[in-house]
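The values are calculated or read from the model by the stated rules, or taken from the named source; none is laboratory data. This one's a predicted model, so the numbers in the text were calculated from it and none came from an experiment. So basically every Cβ, Gly included, is an ideal-geometry build from the backbone, and we count neighbours across all protein chains shown.
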Amino acid sequence: MHAAMTAIVSGERVRLGFRARRSHTLIDLAECPVLDAQIVAALPALREIAVYVAVRSARGDTELRVDIAALAGGLDVGIEGTGKLPDVTLPVLPAETADTPRPTGEVK
């Protein structure tokens, strides 16, 4: 399963979810019955990651595109709209087992 979500970061507050139909309104998700359970379980960690990578604009809000794919070995997450990443250690999404390989990649 794949989900293309939007995150809006305002300081330490993050709204993460989908746009309402024919609207710019963002529906902030706590749970979703049609999403893969792995993705729903990762929503709190994805919010934390969004805060770390968001670039604060003069307006105070940063909008990010968050693409998540639930794969057999875990989640593949891509975040766009971040600009240059800050020099911080990002939280790690929980793995199913300690020996599960963690993918590496480039943040766009």
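Quick one: in region 1-25, which of the residues that are loosely packed, with under 14 Cβ neighbours inside 10 Å and in contact (Cβ under 8 Å) with a residue 60 or more places away in the chain is farthest from ALA72 (Cα to Cα)?
ALA4
What do you reckon, is ALA95 surrounded by 14 or more Cβ atoms within 10 Å (Cβ to Cβ) and modelled with pLDDT under 90? Full working, then the answer.
Details: surrounded by 14 or more Cβ atoms within 10 Å (Cβ to Cβ): no; modelled with pLDDT under 90: yes.
So ALA95 does not fit the description; no.
Taking GLY73, is it exposed (fewer than 14 other Cβ atoms within 10 Å of the Cβ) and at pLDDT 85 or above? Walk me through how you get there before you give the answer.
Working: exposed (fewer than 14 other Cβ atoms within 10 Å of the Cβ): yes; at pLDDT 85 or above: yes.
So GLY73 fits the description; yes.
Identify, please: which residue in region 26-57 is assigned to a loop (DSSP other than H, G, I, E, B) and surrounded by 11 or more Cβ atoms within 10 Å (Cβ to Cβ) and is, among those, farthest from the chain's Cα centre (by Cα)? Break it down into steps so the answer makes sense when it comes.
Restricting attention to region 26-57, the residues satisfying the condition of being assigned to a loop (DSSP other than H, G, I, E, B) are 29-36, 54-57.
Applying the additional criterion that residues be surrounded by 11 or more Cβ atoms within 10 Å (Cβ to Cβ) yields 29, 32, 35-36, 54-57.
On the way: LEU29: 12, CYS32: 15, LEU35: 14, ASP36: 14, ALA54: 11, VAL55: 14, ARG56: 16, SER57: 19 Å.
Taking the candidates together, the pick is SER57.
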